[in-house]
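The values are calculated or read from the model by the stated rules, or taken from the named source; none is laboratory data. Note that the structure is predicted; figures quoted are calculated from it, not measured. Counting neighbours? That spans all protein chains shown, and the Cβs are built from the backbone with ideal geometry, glycine included.
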Amino acid sequence: MNPEFKSFKDMTDADYADIGLRSGLEIHQQVLTEKKLFCRCPAGCYSEVYDAEILRHMRPTLSELGEYDGTALMEFKTRKDIIYRINHETVCTYEMDDTPPFEINQKALDIALEIAMLLNYKLVSEIHVARKQYLDGSIPTGFQRTTIVGIDGWIPYRDRRIGLIQLGLEEDACREISDIGHTRIYRTDRLGMPLIETVTEPEMRTPQEVADVAEILRRLVRSTGKVRTGIGAARQDVNVSIKGGTRVEIKGVSRIPLIPLLIYNEAKRQHSLLRIRDELKRRKITKETLETKDADVTGILTQTAWEPLRQALSRGERIRCVNLKGFAGILRHPLQTGKVFSKEISDRVRVIACITRLPNILTSEGTEETIDSFIWQKIRKTVSAGDLDAQILVWGEERDVQTAVREIIIRAGEAADGIPNETRQALEDGTNGFERILPGPDRMYPDTDLPPLEIPVSRIEELQKNIPAPVWERVPRYRGMGIPEHLLVPLASSLQAALFEELSEIEGLSPVRIAVFLLEKRKAWSRLHLNINRLDPEAWRIFFKSAAKQPALLEKGDDLFKTWLDESGLELADELKKYIPPALDMEAVEDRIGGLLKSEEGMFPDLQVKHRYLMGKLMPGCRGHVPAEEIGQLLRRRLEEKDISHE
Amino acid sequence: MSDDYKGYRDPALGVLKDYSVKVWSDVEMDTSRGGFKGIILPRSETADARHIVLKLRNGYNVGIAVDTIAGIKETGRREAHYKIPEKEFPYDPQKPNVRLLGTGGTIASRLDYRTGAVIPAFSPGELYGSVPELADICNLTTKKLYGVFSENMGPEQWICTAEEIGREIEKGTDGIVIGHGTDTMHHTSAILSFMIQNSPVPIVMVGSQRSSDRPSSDAALNLIHAVKTAAESDIAEVMVCMFGPTSDQYALLHRGTRVRKMHSSYRSTFRTIGDIPLAMVDRDSIKPLRQDYKKRRNDKDFTIDTRFEEKVSIVYYYPNMRPDIIESLIDNGYRGIVIAGTGLGHVNKPLYPVLDKCRQNNIAVYMTVQTLWGYVQMYVYETGREIMGLGVIPAYNMLPEVAYVKLGWALGKTDDLEEVKKIMLNPINGEITEREPYNGYLIYQGGVPEVETFLRTIKR
C-alpha cells in the first residue's frame, strides 16, 4: 500500500529530511488583562448561561481582483444560520457588531510589546488595526481585528535560530457549540479577549523540533507572568508541507505533546496524495479532463436494507450517484493512519454541503457489507460507469445533494493537482480533518473604525524595564550555580526566576535548596490544594532570611509551610517562631559549655582540635541565637581556664 | 497635492522625496528598529505627519516613524487600481421594474482595501455582482443622484430627489428605492412624504448600519428587502426599510413621517414612534401589520410640490435657556421655528417676551415634544396656556424633525401664517395621528424578569 512510509515510531530525522518536511507554528496565547481588547467587557469570565440569541449570516465580500476568496466562497455555499448565544455579563453590543470599537486596551498592547521585545522582534513605530476576514461566523463582524506590533523576531534553538515572522495582537473568537446541518451555534464569552499570535518561519524539520519550539515559546511567554494559563488559554496551529507538496494549516492543537503525531500523519497524508496525483497523471486524468456523470438514483434504492440509506429514505431525502471516470482504486487509497482517500471527500460533503450525519457518502470501493451488488450494477448502468471507474453515493435534502455533487467533483479534480490548499482541524487521535479552504492574502483589510496609534520610544523604554532575562541567558548562569539539569529550564522560565536570583544573593544559602523550594515544593503544595497564593515574594524573603540564620528551618520548611498554607491564620514570621527553638542567652550558652566540658573528657592532641570539636557540638543548638564568634571566644576562655587548673 | 504623495506632509513627505520613492513604491526600508519590506501606502490626511505607512507582505499595514529611517530603496512599484466586478443585470419581462436612486451612504459601497477609501458600488452590474439575489426579484436600473454623506443632504438634494422620483413615476416604474445614509434618512423620508403626494407606487428608503465591505453587513439584506418592497408590495407610500431586530431576519417598513433613527450604531436603529410600523418584510414575504396604508394604483394621479423655505430652525429647549438664542433667529430673518419643548410642550418664562416678539415679526412658532413619544398638550399646565397665548402653536404628536421639514415646506408655499397653520395641522400622511395605540410606545426595560424571559425566547 504505502511501503516506503514507515510507522510513526520508526521514522528517523533522516526520513523526514528525505521527504523534505518543513513545518512552522502559529501560537495563540491569551494575555492577562482585566478587560477585552476593543471593548470594556470583562475578560476571562466564562459562562455557559446565556440570556439571548442573535442570528446572523456571513456574506463574502469581493477581493481586490473581483474574485471571491476561496474560503469566502466556500462558506457562502454552506448557507449557515449562525446563532450567537450571549450573556449580558460577558458580552456587549461591540462584540455583536452593533457598536464600533473602543480604543485598544493599552494594557494588552503593553504586554504584546513586552513579549515582542523578549522574542527579539523589530517593533513597529505605529500600529494599524486590520480586519482579517473569517466567514465561518466565529466572529460576528465577519473579521478579526488584529494588529502587528513586531516583525522578524527570533529565538535560539539548538545550534541555530528559529525565525519569527510576526507578532500580532488580536481579539479571540467564539467557541463553537455545535454545527449540525445548516445551523452553527457559538458561545460568545471568549470573544474579544486579547491574545497574541506568534508566527514562526517554517524552519522546523522534524515533528519533534516543532514540539520543542512550541514548548520553548510557551515557556518564554509564560515567564512574563502576563499571559493566561489553563485550558484553552494557548492554542497552537501548525503548518506542514513536504517536498513537492503544499502548505497545509492544521488548527487547534490544544496540547503540545500531540504535535509530533499530528505532523507525522499530515506528512503521510501529503505523501500519499502526491502518489495519487502521480497515479492519476499516469492514467492521463487532469482536473480539466476529469469526466464525471451524476444521476438521481433514489428510485433504484427504495428497497435497500442498508440502514443509513433506509433512514435517509424515511426522511424523504434524495440519493445521487456520481461516477468518476478512471478513478477505480483511488478512493480506497490509504492516507493518514486508518483513513482512505474517500474520507477527504466525505469531509468536504460534511462541511460544504452541510450533510453532517455520518456516513454521508458510500463508495463503490468500500469493503463493508452495504448494498447488494446487483443494485450497484443498476446504479452503474444509470451513470454509464465502466470497470475502471469509481462511484460515490450521497444523500440528503435536494439542494444539499446538489452542492455535495459539485463538491465531490471539485475534490476529485483537485486530486489530480495533488494537495489542496486547506485549513484542517486537529483531531484527538493525531489525525486531521478538513475544516476549510486556506484563505488567501486578500482577506486583510484596514480597519477604518480606528486611527493608527503611535508607539513612542519613551513607551518602549519604560516597558523594557519589565522584561525578564531570556531563558537562554539564564540557563547557563543557573548551571554554574549548581542547579540540577532537570530544574534548569523550568526555573529559568518560571515566574519565580527573578525572585530566585534575588534570594540566591542571601549569604549562607544554597541556590539548589532555594530552587527546590520555589519550584518543586511549591508545586507539591499546590497539588495538595494548599493556598499557595499566600506564597508571595515577601513570604519567601522572610523564610529564607530566617533560614540563613537557622539552617534547621530548611529541614522543617516542608512541615512549616504545609501548616501555614493550610489553615494557619498566623503571619509567617509568627509561624516561623514555632519552629525556632527558644532563644538562648549568653548565660545559657555558658551552662551548655559547662555541661559539655564535663561530658566530653576525651583525649585530644591539642586545645585547637578540642576547641574545634566542641564548637561542632555546640553550634547546632545555638546558631541564630548567639554569634558563633562570641561562643568561640567563650569556649576558648573556658578551655584555657580548664587547662590551667589541670596544671 | 499630487497623488504620488497622497496624504503625506512634511517631515514624512520630505523623507519620501529624499529617497525618491512615492506612494505604491515597493521598498526595503532600513530603520533603527530593523529592516522593513513592503509597499508605501497613501496616508490618511487626518493622521500625523511623522509616519510612513507600509503594507507588509503578510497583508498587514504598519507605520514607520520617519526619524528612525536610515535608508529607503525602491525595488518596484505596485499600484492598486481597484475595480468592482460587473456582471450584466439580467432582464426578465415578467418581472417588475425597479429604479434605485443613489444619494450616498454605505448601502452601496465597498472599501479599497489598500487605501481604506470607500468606493461606491452602484451600477446594476456591480450590484448584481455582489447581491445576485436582486435579479430574482426585479429588473433593476440605477441612477446616482449624489454621493454625499447623509449629514450633507439638504433642501437642494431633497428637491432634486423628489423631482427625479416624479419623472420615474411618469415613466411607469413599478417601484422606487432610494439609497441614503442613515443619519438623516428620516428627515428625507418626511420631506419626500410631503413633496410627493399620492404616489401610485412604493417609494422605499434604505441604507445600512454596517458598510457593505464587511461580511456581517446588513447592506445586502436591506437592499433585498427594499427592492422586494418596491417591486412587490402594495404600499404606495414613502417608507423606510431597515432591520427590525439586529439578527438577519426581517426588516420593518416604517411610514416616512413617523420614523426616527434611535441608536447611533445598532442595525435595528429605525423605529416607528408613537405608532406601529406598516409591515414586516423578509426574503419570502411582505406581511402588513396594519391596513390603513395607501394602496398601489395604476394611475399617475400624483402631485409634486417641492417649494421649500430654508429659513426655518429647530430649537431644542433646555433649562435656563436665554432669549438671545431666539433673538438671533429673529435677527437673521428666520421665518419659522420648531421648539422641542419639555414634557407636554414647555419652555421657561424668560423666553416669553421673545416669543411675543416672534409673533409680532410674523414668525411661525410650533411646539413639539423632546420626549418624542406622546402629544403636545398645552392646556394641562398654566405654562402651556401662557405660551399658547404668545402665539406658539402645538403640533400634536408630530416629531420635531418632521415638524421642521413640514414647516419649511409650508412656508415655501405661503406667507400667510393662517394658511401655514392649516397645512401644518392637517396631516398629509400620518405625521399627526388622532390616537396613539397602547403598543405605539414600547421601550422594554432590560433586567425586568418578564422582559428577560421574552428576550430568551426570540432572536433579537
When the residues of segment B:1-38 are filtered to those that are outside any strand (DSSP E or B) and within 14 Å of chain A (Cβ to nearest Cβ), which remaining residue is farthest from B:Ala65 (Cα to Cα)? B:Trp24
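One line per residue, one yes/no per condition, for (1) outside any helix (DSSP H, G or I); (2) among the basic types (Lys, Arg):
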| position | (1), (2) |
| --- | --- |
| A:Leu261 | no, no |
| A:Tyr264 | no, no |
| A:His271 | no, no |
| A:Arg275 | no, yes |
| A:Glu288 | yes, no |
| A:Ala305 | yes, no |
| A:Leu309 | no, no |
| A:Ala312 | no, no |
Evaluate segment B:416-434: report whether one residue or more is within 26 Å of the chain's Cα centre (by Cα) and either within 13 Å of chain A (Cβ to nearest Cβ) or modelled with pLDDT under 90 (or both). no
The lone condition B:Asp275 fails out of (1) within 14 Å of B:Arg290 (Cβ to Cβ); (2) within 13 Å of another protein chain (Cβ to nearest Cβ) is (2)
Is it true that B:Pro215 is at negative phi and surrounded by fewer than 24 Cβ atoms within 10 Å (Cβ to Cβ)? no
Which numbered condition trips up A:Phe434, out of (1) of a type outside the set (S, T, N, Q); (2) modelled with pLDDT under 85; (3) part of a strand (DSSP E or B)? (2)
Residues in segment A:171-179: is at least one away from chain B (no Cβ under 13 Å), outside any loop (DSSP other than H, G, I, E, B) and within 18 Å of A:Pro101 (Cα to Cα)? yes
Quick one: in segment A:128-149, of everything that is at the interface with chain B (Cβ under 7 Å from one of its Cβ atoms) and assigned to a strand (DSSP E or B), which residue is nearest to B:Gly35 (Cα to Cα)? A:Ile148
Filter pass, A:Asp152 being assigned to a strand (DSSP E or B) and at positive phi: yes
Residue under evaluation A:Arg350, criteria (1) closer than 18 Å to A:Arg315 by Cβ; (2) out of contact with any Ser or Thr (no Cβ under 6 Å at 6 or more places or on another chain), criterion not met: (2)
Residue by residue through segment A:474-486, note down the ones that are out of contact with any Pro (no Cβ under 7 Å at 6 or more places or on another chain) and either crowded, with 19+ Cβ neighbours inside 10 Å or assigned by TED's automatic domain parsing to the domain that holds A:Ile148 (or both). A:Arg474, A:Tyr478
I'd like the full set of residues that are hydrophobic (A, V, I, L, M, F, W, C), in a loop (DSSP other than H, G, I, E, B) and closer than 30 Å to B:Ile337 by Cα, limited to segment B:407-460. B:Ile428, B:Ile432, B:Leu442, B:Ile443
Among residues of segment A:37-47 being part of a loop (DSSP other than H, G, I, E, B) and in contact with a strand residue (DSSP E or B) (Cβ under 7 Å, 6 or more places away or on another chain), the residue surrounded by the most Cβ atoms within 10 Å (Cβ to Cβ) is A:Leu37
Within segment A:359-367, identify whether any single residue is surrounded by 15 or more Cβ atoms within 10 Å (Cβ to Cβ), in contact with a helix residue (DSSP H, G or I) (Cβ under 9 Å, 6 or more places away or on another chain) and in a helix (DSSP H, G or I), and answer yes or no. no
Taking segment A:480-536 only, how many residues are at pLDDT below 90, among the aliphatic types (A, V, I, L, M) and not in a helix (DSSP H, G or I)? 6
Taking A:Val405, is it at pLDDT below 90, away from chain B (no Cβ under 14 Å) and crowded, with 17+ Cβ neighbours inside 10 Å? no
Within 11 Å of chain B (Cβ to nearest Cβ), among the β-branched types (Val, Ile, Thr) and assigned to a loop (DSSP other than H, G, I, E, B), is that true of A:Ile165? no
In segment A:200-216, is there at least one residue being over 18 Å from the mean Cα position of the chain (by Cα), under 25 Å from A:Asp417 (Cα atoms) and in the same structural domain as A:Leu21 (by TED's automatic domain parsing)? yes
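Yes or no, residue by residue, for (1) surrounded by 22 or more Cβ atoms within 10 Å (Cβ to Cβ); (2) without any contact (Cβ under 8 Å) to a residue 40 or more places away in the chain:
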{"site": "B:Asp356", "(1), (2)": "no, yes"}
{"site": "B:Ile363", "(1), (2)": "yes, yes"}
{"site": "B:Trp373", "(1), (2)": "no, no"}
{"site": "B:Gln377", "(1), (2)": "no, yes"}
{"site": "B:Glu382", "(1), (2)": "no, yes"}
Among the numbered criteria (1) closer than 30 Å to A:Ala267 by Cα; (2) in a helix (DSSP H, G or I), which single criterion is violated by A:Ile419? (2)
Does B:Gly447 fit the bill of being of a type in the set (Gly, Ala, Ser) and in the same structural domain as B:Ile330 (by TED's automatic domain parsing)? no
Residues that are outside the structural domain of B:Gln157 (by TED's automatic domain parsing) and of a type outside the set (Asp, Glu): list the strands (runs of 3 or more DSSP E) wholly contained in segment B:276-376 that include at least 1 such residues. B:312-316, B:336-341, B:364-369
Counting only residues that are in a loop (DSSP other than H, G, I, E, B) and within 16 Å of the chain's Cα centre (by Cα), segment B:245-264 contains a total of 6
Quick check: anything in segment B:229-237 assigned to a loop (DSSP other than H, G, I, E, B), buried (at least 23 other Cβ atoms within 10 Å of the Cβ) and within 14 Å of chain A (Cβ to nearest Cβ)? no
Criterion (within 12 Å of another protein chain (Cβ to nearest Cβ) and either in contact with a helix residue (DSSP H, G or I) (Cβ under 7 Å, 6 or more places away or on another chain) or modelled with pLDDT of 95 or more (or both)) met by exactly one of A:Leu123, A:Leu65, A:Leu118, A:Leu109: A:Leu123
Testing B:Ala70 on (1) exposed (fewer than 15 other Cβ atoms within 10 Å of the Cβ); (2) of a type in the set (A, V, I, L, M); (3) within 8 Å of chain A (Cβ to nearest Cβ), one condition comes back false. Which one is that? (3)
Here the residues within segment A:437-477 that are facing another protein chain (nearest Cβ under 9 Å), in contact with an Asp or Glu (Cβ under 7 Å, 6 or more places away or on another chain) and assigned to a loop (DSSP other than H, G, I, E, B) are A:Pro452, A:Ile455
Please give the number of the condition B:Pro437 fails out of (1) more than 28 Å from B:Pro202 (Cβ to Cβ); (2) more than 26 Å from the chain's Cα centre (by Cα); (3) exposed (fewer than 15 other Cβ atoms within 10 Å of the Cβ); (4) not acidic (Asp, Glu). (1)
So, of the residues in segment B:39-53 that are touching a Lys or Arg at 6+ places or on another chain (Cβ under 8 Å) and crowded, with 18+ Cβ neighbours inside 10 Å, which turns out to be nearest to the other protein chains (Cβ to nearest Cβ)? B:His51
